[in-house]
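Enquirer: Below is the structure I would like to discuss, written out as structure tokens.
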Amino acid sequence: MKLLLKALVKFIAGLILVGGLLFLPAGTIVYPNGWLFLGLLFIPMLILGVVLFFKSPELLEKRLNAKEREGTQQGVVAASALLFLVGFLVAGLDFRFGWSHVPLPVTILAAVVLLISYGLYGEVMRENVYLSRTVEVQENQRVVDTGLYGIVRHPMYAVTLWLFLSIPVVLGSWWSLLCFFPYIVILVIRIRNEETVLEQGLDGYLEYKKRVRYRLIPFLW
């Protein structure tokens with residue numbers, strides 16, 4: 001019950017926060033792209049949370065814990081929060097003042113990318129029971145090298161990259177997309193620091209790096 005209450009509080013708080021960041025600057029709740037995004041984000045999130053609650057409550061607990069201990073990662077989390085704050089505010093203002101025109105087919109394509117990314121995110125969580133929102137090496141942790149982890153070393157970040165870059169397009173704002181692009185730099189910093197932690201504390205990770213050469217995007221990086 002404690003875990004359920006914690007999950008529900010975070011879910012509702014997130015829904016209210018994101019909704020406020022979108023609809024307040026938009027000056028209206030009649031913001032179709034905003035409602036589309038909320039549905040695409042929070043309905044799958046609710047489904048995934050229910051599945052984790054019944055199938056893997058330990059993993060759900062880890063995903064709810066977002067307090068970083070690494071100094072570099074604390075900076076990364078703060079920068080990410082600021083980026084999303086600005087991105088959502090700009091999307092709302094964009095709708096209010098009509099700065100952008102995103103064609104409907106492009107919005108639909110972005111919505112499909114977001115949903116596929118969410119599905120792959122769930123698959124990554126299924127493959128790796130050690131997933132946490134914080135950078136750490138857990139007790140008895142082993143290297144996972146199957147499935148998507150056999151293609152890139154950080155499939156969760158690869159998936160979130162596509163997911164986050166699709167968000168402003170779903171919201172109908174090219175200006176918001178510009179605000180989200182620095183997330184790529186933030187992700188690179190997080191990955192480099194995380195790999196240092198894993199190299200020092202996770203047995204077999206150096207060998208895994210030799211087998212799977214690419215961190216985020218096959219044949220590129």
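Enquirer: Which ordering of 214, 31 is given by a fewest-first count of other beta-carbon atoms within 10 Å?
Expert: Details: 214 14, 31 22.
Listed from fewest to most nearby Cβ atoms, that is 214, 31.
Enquirer: Calculate, in nm to one decimal, what residue 203 and residue 101 gain on full extension: separation in residues at 0.36 nm each, minus their alpha carbon distance.
Expert: Difference between extended and current length: 31.7 nm.
Enquirer: Just subtract the alpha-carbon distance of residue 29 and residue 174 from 0.36 nm times their residue separation and send over the number in nm, one decimal.
Expert: 50.2 nm
Enquirer: Quick one: angle between helix 32-55 and the longest Cα principal axis of the chain, in degrees between 0 and 90, rounded to 10, please.
Expert: With both axes taken from Cα atoms, the answer is about 30 degrees.
Enquirer: Also: Which number do you get for Rg(Cα) / (2.2 N^0.38 Å) in region 2-211?
Expert: The reported ratio for this selection is 1.07.
Enquirer: Quick check: residue separation of residue 151 and residue 81 times 0.36 nm, minus the Cα distance between them. What number comes out in nm?
Expert: Numbers: separation 70, 0.36 × 70 = 25.20 nm, distance 2.87 nm.
Length gained between residue 151 and residue 81: 22.3 nm.
Enquirer: Which FRET efficiency value, to the nearest 0.05, do you get for residue 50 and residue 16 by plugging their Cβ-Cβ distance into 1/(1 + (r/R0)^6) with R0 = 22 Å?
Expert: For residue 50 and residue 16, the calculated efficiency is 0.65.
Enquirer: Counting alpha carbon pairs within less than 8 Å and at least 6 residues apart, what relative contact order, in whole percent, applies to the chain?
Expert: Here the relative contact order equals 27 percent.
Enquirer: By how many degrees, between 0 and 90 and to the nearest 10, does the Cα long axis of helix 155-170 differ from the longest principal axis of the chain?
Expert: Compared with the principal axis, the helix lies near 0 degrees.
No lab work stands behind these numbers, since they all come straight from the coordinates. All figures in this text were calculated on a predicted structure; none of them were measured in a lab. Counting neighbours? That spans all protein chains shown, and the Cβs are built from the backbone with ideal geometry, glycine included.
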